1. Starting from the Cα of Thr51, move 7 Å in the Cα-to-Cβ direction to define the label point; list residues of the stretch 72-108 whose amide nitrogen is under 15 Å from there.
2. Out of all Cα-Cα pairs in the stretch 78-120, roughly what percent, to the nearest whole number, are more than 16 Å apart?
3. Taking the chain as a Gaussian network, where each spring joins two C-alpha atoms under 10 Å apart, which residue of Val85, Val96, Val29 fluctuates the most?
4. What does the charge count around Glu82 come to, taking other residues whose C-beta lies under 13 Å from its C-beta (Lys +1, Arg +1, Asp -1, Glu -1)?
5. Which three lengths, in whole Å and largest first, does the stretch 1-115 cover when its Cα atoms are put on their principal axes?
6. With point charges of +1 on the Cβ of Lys and Arg and -1 on the Cβ of Asp and Glu, referenced to the Cα centre of the chain, which listed residue (Asn73, Pro90, Thr40) lies farthest in the positive direction of the dipole?
7. Mind listing the phi-derived Karplus ³J(HN,Hα) values for the stretch 25-32, rounded to whole Hz, using 6.51, -1.76 and 1.60 with θ = phi - 60°, and x for any glycine or proline?
8. Mind giving me the FRET efficiency for Asn16 and Lys97? R0 is 25 Å, r the Cβ-Cβ distance, nearest 0.05 is fine.
Amino acid sequence: NAIVKGSFTAYIEPKNPKARENYKIFIKVKLPPGKAASYTKEDLSIQMLGTDGYSDAFPRPPLAGTNIPPEFNQSFSLMGDEVLVIMPIPGAVKNVKDTIQCNSKLLNESQKIEFVFGSN
């Protein structure tokens, strides 16, 4: 299920990953009308921290991506007045909580979104 906080919407796929199953975090950012054409990924700052100690960020620092397998490459795309960021995440043990901190300079907005994974 999607979580909406301010201009940010986040959801994961698969919706309820099993323990150790890789998943993706999708983050949509709603932009003001007319701002998408000049929008760049440098405006966004997204940090993900899991209670299992795993962390990731978007965009990643330049050297951080050098040893990352291709299936964990991040993506950034514009769709109309929305931005979509996809962050692939390695599967974790059960009962992990991921906290995602989303920041946009253009929107002057910061939101915290949390996903708690079940015991499956």
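Just so you know, all these numbers are worked out from the coordinates, no wet-lab data involved. The shown structure was predicted, so the numbers you read here are calculated from the model rather than taken from an experiment. Positions of Cβ are backbone-derived with ideal geometry, glycine not excepted, and every protein chain shown enters the neighbour counts.
1. 92-100
2. Details: 503 of 903 pairs.
Every Cα pair in the stretch 78-120 considered, those over 16 Å come to 56 percent.
3. Largest GNM mean-square fluctuation: Val96.
4. Working: positive: Lys28, Lys30, Lys35; negative: Asp81.
Residues close to Glu82 contribute a combined charge of +2.
5. Extents along the principal axes: 42, 32, 20 Å.
6. Value: Pro90.
7. Once θ is set to phi - 60°, the couplings for the stretch 25-32 become 9, 9, 10, 9, 10, 7, 9, x Hz.
8. Values: r = 14 Å, r/R0 = 0.57.
The calculated FRET efficiency here is 0.95.
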